[in-house]
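Novice: Pasting in a structure now, in structure tokens, and then I'll have a few things to ask.
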Amino acid sequence: MELRFEEETKDGDSEEQHTTRATPPEPPEKRLRRATLRSAKWFDEADELNGLRHRSRAKQMGYARDDFKKKPFIAIVTTWSDLLPCHGHMKTRVEEVKRGVWLAGGFPVELPAMALSETYMKPTPMIYRNMLAMQVEEQLRSQPVDGVVLMGGCDKTTPGLLMGALSADFPAIFVPAGPMLSGRCRGQALGSGTDMWKAIDEFRAGAITDNDLSDIEDGLNRSPGTCMSMGTASTMAAMTEALGLSLTGASSVPAMDSSSARVASSAGRRIVEMVISWQAYCRDGVGRADSVEDGEQGASENKAGAAEQPAAKSGMEVLLEQQGAMMKLMMKQMETLAARVEVAE
């Protein structure tokens, strides 16, 4: 916002004035008319050949020209899969994001991405995290997209999605899958990421029977959503919110809560506003050293290096002299940050 200082002379001439007047910002609609949307390069009427090709293909999908003309193209990158139970509800959530985008005056396009299932991928989904990041980055770079809503939650999907969007430097909002319903068995609460290991150990020791184990199996994971215990999924969601890459409060909304649908729709509306008002990824509040520190405070102790890769992708200076030295540094920092976090008794 430009500030002008003028002072009135006795003649009434205006040279410099001690009062401050702020020039009002232009409305988003005017700024959008002035701005050149990245997606417009694909559909610009001035480019006769390519404009015709691209508009014709859009109409092939049933869209009229007014459906997408001069509108921000919003990619919705979803990691839904039949083999990723944590994201089982994302088909519905995608439609809610689209609703928000349409209502805000954008044009939503769904771009499926690699689903990294912590449960089913062997030997570990960790080796595919960077592949997901590369896929997201190249999908965004190569196609008519102005902003992106990232939809993930299961452990490695969150950093993979963030790394890809940060590398591509696109306006982005992350919509977390949200935790599943709390596990229950015979009146007792079960933690999906904790009681599973406990039950197996007790079964091997002969402390519980086959029937006991079967009942625990039935009640351990009762709905779509990520592990409700403080593991990697909830750690990454908390870190993402602290970094300013998801809507406030989104990381703690359960997958099956009606608020989850409202978060998805709100994210769709907000990403259009970000594209129109040029606020996205201006580096003022996203990915700074203090926001990365805030993100680490949301991390659990067993994920000491959780913020390292996304931080590096957002331009932060991360000390990478040696792996051993790095881990010592991260653990020391985590101990300092953990001391600031109040834990309810």
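Every residue, every condition in (1) outside the structural domain of Gly164 (by TED's automatic domain parsing); (2) part of a helix (DSSP H, G or I); (3) at pLDDT 95 or above, yes or no:
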position	(1), (2), (3)
Ser234	no, yes, no
Gly244	no, no, no
Ala264	no, yes, yes
Arg270	no, yes, yes
Met274	no, yes, no
Asp284	no, no, no
Gly287	no, no, no
Ser291	no, yes, no
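Novice: Something else: Could you say whether any residue in the range 174-189 is within 26 Å of His89 (Cα to Cα), in the same structural domain as Ser246 (by TED's automatic domain parsing) and in contact with a Phe, Trp or Tyr (Cβ under 8 Å, 6 or more places away or on another chain)?
Specialist: no
Novice: A further question on this structure: Consider the range 127-146. How many of its residues are over 26 Å from Gly88 (Cβ atoms) and small (Gly, Ala, Ser)?
Specialist: The number of residues fulfilling the criteria is 1.
Novice: Let me ask another. Can you say whether Ala255 is in the same structural domain as Gly153 (by TED's automatic domain parsing), part of a helix (DSSP H, G or I), modelled with pLDDT of 90 or more and not basic (Lys, Arg), as far as the supplied structure shows?
Specialist: Working: in the same structural domain as Gly153 (by TED's automatic domain parsing): yes; part of a helix (DSSP H, G or I): no; modelled with pLDDT of 90 or more: yes; not basic (Lys, Arg): yes.
For Ala255, the condition - in the same structural domain as Gly153 (by TED's automatic domain parsing), part of a helix (DSSP H, G or I), modelled with pLDDT of 90 or more and not basic (Lys, Arg) - is not met.
Novice: For residues that are surrounded by fewer than 24 Cβ atoms within 10 Å (Cβ to Cβ) and among the aliphatic types (A, V, I, L, M), scanning just the range 159-172, find the one that is farthest from His89 (Cα to Cα).
Specialist: Checked the range 159-172; the qualifying residue farthest from His89 (Cα to Cα) is Ala168.
Novice: Tell me which residues, restricted to the range 133-151, are assigned to a helix (DSSP H, G or I), buried (at least 23 other Cβ atoms within 10 Å of the Cβ) and among the small types (Gly, Ala, Ser). First the steps, then the outcome.
Specialist: To start, the set of residues in the range 133-151 that are assigned to a helix (DSSP H, G or I) comprises 133-142.
Imposing the further condition that a residue be buried (at least 23 other Cβ atoms within 10 Å of the Cβ) reduces the set to 133, 136, 140.
Of everything in the range 133-151, just one residue is assigned to a helix (DSSP H, G or I), buried (at least 23 other Cβ atoms within 10 Å of the Cβ) and among the small types (Gly, Ala, Ser), namely Ala133.
Novice: Consider Leu190 carefully, then state whether it is at pLDDT below 95 and under 19 Å from the mean Cα position of the chain (by Cα). Give the steps one after another, and end with the answer.
Specialist: Working: at pLDDT below 95: yes; under 19 Å from the mean Cα position of the chain (by Cα): no.
Against the criterion (at pLDDT below 95 and under 19 Å from the mean Cα position of the chain (by Cα)), Leu190 does not qualify.
Novice: Need the failing condition index for Leu37 against (1) out of contact with any Lys or Arg (no Cβ under 8 Å at 6 or more places or on another chain); (2) part of a loop (DSSP other than H, G, I, E, B); (3) not assigned by TED's automatic domain parsing to the domain that holds Ala172, just the number.
Specialist: Looking at each condition in turn, Leu37 falls short on (1).
Novice: On to the next question. For Cys86, are the conditions met, namely being in contact with a Ser or Thr (Cβ under 7 Å, 6 or more places away or on another chain), assigned to a helix (DSSP H, G or I), in the same structural domain as Ala242 (by TED's automatic domain parsing) and closer than 18 Å to Pro224 by Cβ?
Specialist: yes
Novice: Filtering the range 97-116 down to residues that are out of contact with any Lys or Arg (no Cβ under 8 Å at 6 or more places or on another chain) and not in a loop (DSSP other than H, G, I, E, B), which residue is surrounded by the fewest Cβ atoms within 10 Å (Cβ to Cβ)?
Specialist: Per the stated criteria, the residue is Pro112.
Novice: Here is a follow-up. Just the residues that are touching a residue at least 12 places away in the same chain (Cβ under 8 Å), among the charged types (D, E, K, R) and out of contact with any strand residue (DSSP E or B) (no Cβ under 6 Å at 6 or more places or on another chain), please, taken from the range 92-122.
Specialist: The answer is Arg93, Glu96, Arg99, Glu118.
The values are calculated or read from the model by the stated rules, or taken from the named source; none is laboratory data. Quick caveat: nothing in here was measured; it's all calculated off a predicted structure. Please note: Cβ atoms are built from the backbone with ideal geometry, for glycine as well, and neighbour counts cover all protein chains shown.
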